[in-house]
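Chemist: Can you read through this structure? Questions will come right after.
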């Protein structure tokens, strides 16, 4: 059996120069956490779209939300179509985490079950909830218009935010609950310095390409749900 033990003497290794270290994100220093203080983003204002049939779109968006909130920016997530299902408990890990994190808040406008799945949920109620979510998104974008500087981290989202995540808004379009024009209207009405993140959709949102700055496809290669695995606590909720 091949021995992979590293027998290289440390003295043989070339140490990085100060110039090389200066080019790294941490400049050669170990990262250390600092207290979160309210701050103003310097380069926010892009439109992001995360779509595809793979797991991880919402997870990626929330990850960015936590990163932004960690810098003291005000973040809010508005969820469409995630009202729960028999495989998901009422209490979800992401909600508990967001609740404990300064500067990050959320609200859910979903109806129980999934539209068009014949799961006992009311499709008309899905439509009503999605339309209510759209109106709420419009309110949040209007509230963010004219916002300048740092924002109080525990203030309501109605006072304005720096990043707005509209989770599953694109999937609501897929399901016919919202129109493409509804999403484009949100994009066109957003203030220049609001970072707008849209997730969902299993089909390519061609209508967004001229309006989005970042479009990421999350593609499924293999998923345990295909083998009958239900949503798991701590990974899916």
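Chemist: Work out how much length residue 221 to residue 96 would gain on full extension: take 0.36 nm times their residue separation and subtract the Cα-Cα distance, in nm to one decimal.
Modeler: 42.0 nm
Chemist: Here's something else I'd like to know. Going by C-beta contacts inside 10 Å, put 190, 55 in order with the fewest on the left.
Modeler: Listing 190, 55 from fewest to most nearby Cβ atoms yields 55, 190.
Chemist: Could you put 183, 98 in order, starting from the residue whose Cβ has the fewest other Cβ atoms within 10 Å?
Modeler: 98, 183
Chemist: Here is a follow-up. 7 Å from Cα along Cα→Cβ at both residue 128 and residue 154: what's the point-to-point distance in nm?
Modeler: For the pair residue 128/residue 154, the computed spacing is 3.5 nm.
Chemist: Take the Cβ-Cβ distance between residue 22 and residue 67 as r, set R0 to 22 Å, and report the resulting FRET efficiency rounded to the nearest 0.05.
Modeler: The value I calculate is 0.45.
Chemist: Hey, another quick one. Most exposed first by the Cβ proxy, i.e. fewest other Cβ within 10 Å, how do 75, 187 rank?
Modeler: In increasing order of surrounding Cβ atoms, one gets 187, 75.
Chemist: Continuing with the same structure: Can you tell me the Rg and the Dmax, both Å, for the Cα atoms in region 40-227?
Modeler: 15.9, 50
Chemist: DSSP beta bridges in region 40-227, what fraction antiparallel, as a percent rounded to 5?
Modeler: 0 percent
Chemist: A further question on this structure: Say each of residue 204 and residue 55 gets a label point 7 Å from the Cα, pointing the same way as Cα to Cβ; how far apart are those two points in nm?
Modeler: Placing both labels 7 Å along Cα→Cβ, they lie 2.6 nm apart.
Chemist: Here's a follow-up. Could you give the length gained by full extension between residue 30 and residue 136, i.e. 0.36 nm per residue of separation minus their alpha carbon distance, to one decimal place?
Modeler: 34.0 nm
Every read-out reported here was derived from the displayed coordinates using simple, explicitly stated rules and does not represent laboratory data. Computed from a prediction, not measured in an experiment: that's the story for all the values here. Ideal geometry is used to build each Cβ from the backbone, glycine not excepted, and the neighbour counts take in all protein chains shown.
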